[in-house]
Amino acid sequence: MRILFLGDVIGRAGREAAAAALPRLREALRIDMAVINGENASHGFGLAPDMAEALFAAGADAITLGNHAWDRKELMGYIANQPRLVRPLNFPPGTPGAGSAVVTLRDGRKALVVNAMGRLFMDAMDCPFRASAELLAKYRMGGPQTGGNVAAILVDFHAEATSEKMAYGHSFDGQVSLVVGTHTHCPSADHQVLPGGTAFQSDAGMCGDYDSVIGMAKEGAASRFWRKMPGERLAPADGEVTVCGTFVETDDATGLARRIEPIRQGGRLSQAMPKV
Ligand SMILES: [Fe+2]
Ligand SMILES: [Fe+2]
């Protein structure tokens with residue numbers, strides 16, 4: 001299976017670039033499953049239902065979220081009827097939506113998409129490690145011959161600290177196809193297939209303008225560090241977007257990864273495109 005994951009989509013420029021890139025990358029890389037993180041799609045804060053619909057229409061099989069999940073309050077009602085929109089698994093019980101989804105792909109294969117959130121330098125949450133272990137105990141990758149109930153498992157681990165992300169990747173190595181980090185908005189160069197066969201990258205990067213402070217206009221964002229005054233306005237940077245993500249190829253018999261390659265297209269960052 002060929003999997004495409006795109007990192008946090010920032011504002012209108014990020015949405016437009018991601019919506020244009022999704023069909024193009026699906027075609028060029030012959031993608032079977034595409035997942036995108038939408039937590040910053042609405043002016044940097046949250047995701048509105050019409051924006052989610054546009055990303056699904058552009059070719060996303062699932063959308064993941066993060067700490068900005070509820071910045072657009074309308075999403076709480078929408079998520080109850082849209083199972084392919086996945087919020088962090090380790091929100092407290094009673095939170096709307098679900099932390100995972102079994103997605104049926106265009107060719108009929110099924111894949112599990114999970115979103116979990118780290119706790120280091122983040123808001124207090126239930127334990128993402130225990131919540132993930134409990135969920136993953138219900139799934140096995142591979143075909144019916146090997147007792148599998150999903151062809152692949154993708155986890156978007158939304159966290160600030162690289163240490164927590166690497167610890168998470170190693171904890172579930174061999175149980176899932178891909179653990180990819182989001183939230184820092186900067187693509188990391190540590191993409192690798194871990195010894196047990198799980199593809200890992202501690203951060204996919206964002207779909208946003210990199211002449212910015214993690215996607216937000218640099219002047220307002222920098223002044224927050226110089227002065228501790230209220231009311232410094234944050235708005236998404238609106239220069240050319242780099243679409244950042246990850247490409248993974250898995251073995252259908254096991255669900256485990258054969259390769260992981262970074263994607264960086266457009267904008268200011270050095271360009272990267274997998275060869276297929
Ligand atoms: Fe983000
Ligand atoms: Fe985030």
Number of positions in the range 164-196 that are out of contact with any Ser or Thr (no Cβ under 9 Å at 6 or more places or on another chain), among the small types (Gly, Ala, Ser) and outside any loop (DSSP other than H, G, I, E, B): 1
The range 53-84 - residue that is over 17 Å from Ile3 (Cα atoms) and either among the basic types (Lys, Arg) or in contact with a Phe, Trp or Tyr (Cβ under 7 Å, 6 or more places away or on another chain) (or both) and, of those, surrounded by the fewest Cβ atoms within 10 Å (Cβ to Cβ): Lys73
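Looking at the range 177-198 only, could you name the residues that are away from ligand 1 (no atom under 16 Å from the Cβ) and out of contact with any Pro (no Cβ under 6 Å at 6 or more places or on another chain)?
Passing the criteria: Ser177, Leu178, Val179, Ala189, Asp190, Gln192, Val193, Leu194, Pro195, Gly196, Gly197, Thr198.
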Checking His158 against (1) within 16 Å of ligand 2 (Cβ to nearest atom); (2) open to solvent by 10 Å² or more (accessible area, probe 1.4 Å); (3) touching a residue at least 12 places away in the same chain (Cβ under 8 Å), the condition it does not meet: (2)
Residue tally, condition over 17 Å from Glu16 (Cβ atoms), within 16 Å of ligand 2 (Cβ to nearest atom) and outside any loop (DSSP other than H, G, I, E, B), over the range 217-240: 1
Some residue of the range 197-212 being in a loop (DSSP other than H, G, I, E, B), open to solvent by 40 Å² or more (accessible area, probe 1.4 Å) and at pLDDT below 95: no
Residue within the range 206-228 that is within 16 Å of ligand 1 (Cβ to nearest atom), closer than 20 Å to Ile3 by Cα, touching a residue at least 40 places away in the same chain (Cβ under 8 Å) and not β-branched (Val, Ile, Thr) present: yes
Qualifying residue in the range 99-120 (condition: away from ligand 2 (no atom under 16 Å from the Cβ), under 20 Å from Gln201 (Cα atoms), open to solvent by 30 Å² or more (accessible area, probe 1.4 Å) and not in a helix (DSSP H, G or I)): no
Residues being closer than 22 Å to Asp107 by Cα and acidic (Asp, Glu) - total across the range 1-57: 3
Qualifying positions in the range 1-36 - away from ligand 2 (no atom under 16 Å from the Cβ) and not in a helix (DSSP H, G or I): Met1, Arg2, Ile3, Leu4, Leu29, Arg30, Ile31, Asp32, Met33, Ala34
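Does the range 20-39 contain any residue that is of a type in the set (A, V, I, L, M, F, W, C), in contact with a Cys (Cβ under 6 Å, 6 or more places away or on another chain) and crowded, with 24+ Cβ neighbours inside 10 Å?
No, there is no match, as no residue in the range 20-39 is of a type in the set (A, V, I, L, M, F, W, C), in contact with a Cys (Cβ under 6 Å, 6 or more places away or on another chain) and crowded, with 24+ Cβ neighbours inside 10 Å.
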Inter-residue pairs, beta-carbon under 7 Å, first over 25 Å from His68 (Cβ atoms) and in the range 180-199, second of a type in the set (Lys, Arg), 6+ apart: Val193/Arg259
Residues of the range 54-82 classified as under 16 Å from Val103 (Cβ atoms), free of Cβ contacts under 8 Å to residues at least 40 places away in the same chain and either in a helix (DSSP H, G or I) or of a type in the set (Ser, Thr, Tyr) (or both), total: 3
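The values are calculated or read from the model by the stated rules, or taken from the named source; none is laboratory data. Computed from a predicted model, the values in this text were never measured in an experiment. For neighbour counting, all protein chains shown are included, and Cβ atoms are generated from backbone atoms with ideal geometry for every residue, glycine included. Only protein heavy atoms, including side chains, enter the accessible area calculation; ligands, DNA and RNA are left aside. Shrake-Rupley method; radii C 1.70, N 1.55, O 1.52, S 1.80 Å.
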